[in-house]
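Beneath this line is the structure, given in structure tokens, with notes to follow.
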Amino acid sequence: MAHPALEAAYEEALAGLREGGIPIGSSLMAPDGSIVARGHNLRVQTGDPTAHAETVCIRNAGRRRDWHTLTLASTLSPCAMCSGTAVLHRIPRVIIGENQTFQGREDWLRASGAEVTVVQDPRCIELMRRFIADRPELWDEDIGTPPE
């Protein structure tokens, strides 16, 4: 994984997994390459259904006026809520680790003018495939799939 923002996001995903949560991570990178915020899915840990990785990362960034200069990275294709948050803040670039295990609202991001790059990083794919196989009920809960 060559991109520093995606590397930071992957580290966050591993942190979430270690905590017993959903292994999805995110980061925000400034134009100079510095990581200005990081976050991982905290829904299980906090009981907050909106605590997805990208939303947590954006919350951790605090109040800013430079959203339009940042790059958002996520290990997984952002869901509708997280894509909407990125669109709301006019984040112009989104790097996605993978969208094979879940296809979020990349169409919204692109429609807003964001440059979307999907890497299909093997580590991100394997992390989610393993998690979904091991914890299908927790994954279904995270993405809002009703019980059968």
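The values are calculated or read from the model by the stated rules, or taken from the named source; none is laboratory data. Computed from a prediction, not measured in an experiment: that's the story for all the values here. Positions of Cβ are backbone-derived with ideal geometry, glycine not excepted, and every protein chain shown enters the neighbour counts. Please note that ligands, DNA and RNA were not included when accessible areas were found on the heavy atoms of the full protein model with its side chains. Shrake-Rupley method; radii C 1.70, N 1.55, O 1.52, S 1.80 Å.
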Given all pairs of different Cα atoms, what value in angstroms does the Kirkwood hydrodynamic radius of the chain take? 14.8 Å
The farthest towards the positive end of the charge dipole of the chain, of the residues Pro92, Gly39, Ala80, given +1 on Cβ of Lys and Arg and -1 on Cβ of Asp and Glu, is Pro92
Lys, Arg +1 and Asp, Glu -1 on Cβ, resulting dipole of segment 1-128 about Cα centre, debye, nearest 20: 440 debye
Mind listing the phi-derived Karplus ³J(HN,Hα) values for segment 80-87, rounded to whole Hz, using 6.51, -1.76 and 1.60 with θ = phi - 60°, and x for any glycine or proline? 4, 4, 6, 5, x, 5, 5, 5
How much accessible area per residue does the chain have, counting only protein heavy atoms and a probe of 1.4 Å, in square angstrom? 48 Å²
Which ³J(HN,Hα) values in Hz, rounded to whole numbers, follow from the phi angles of segment 36-42 under the Karplus curve 6.51 cos²θ - 1.76 cosθ + 1.60, where θ = phi - 60° and Gly and Pro get x? 9, 7, 9, x, 9, 4, 10
Let's see if you can work this out: charge +1 on each Lys and Arg Cβ, -1 on each Asp and Glu Cβ, no other charges. What is the dipole magnitude of segment 90-148 about its Cα centre, in debye to the nearest 20? 360 debye
For Arg93, residues with placed amide H under 5 Å, excluding near neighbours: Leu72, Glu115
Would you mind checking the tilt of helix 4-18 against the longest principal axis of the Cα atoms of the chain, expressed as 0 to 90 degrees and rounded to 10? 30 degrees
What list of ³J(HN,Hα) couplings, whole Hz, do you get for segment 129-142 from phi and the Karplus terms 6.51, -1.76, 1.60, once you set θ to phi - 60° and write x for glycine and proline? 4, 5, 5, 4, 5, 7, 9, x, 5, 6, 5, 4, 5, 5
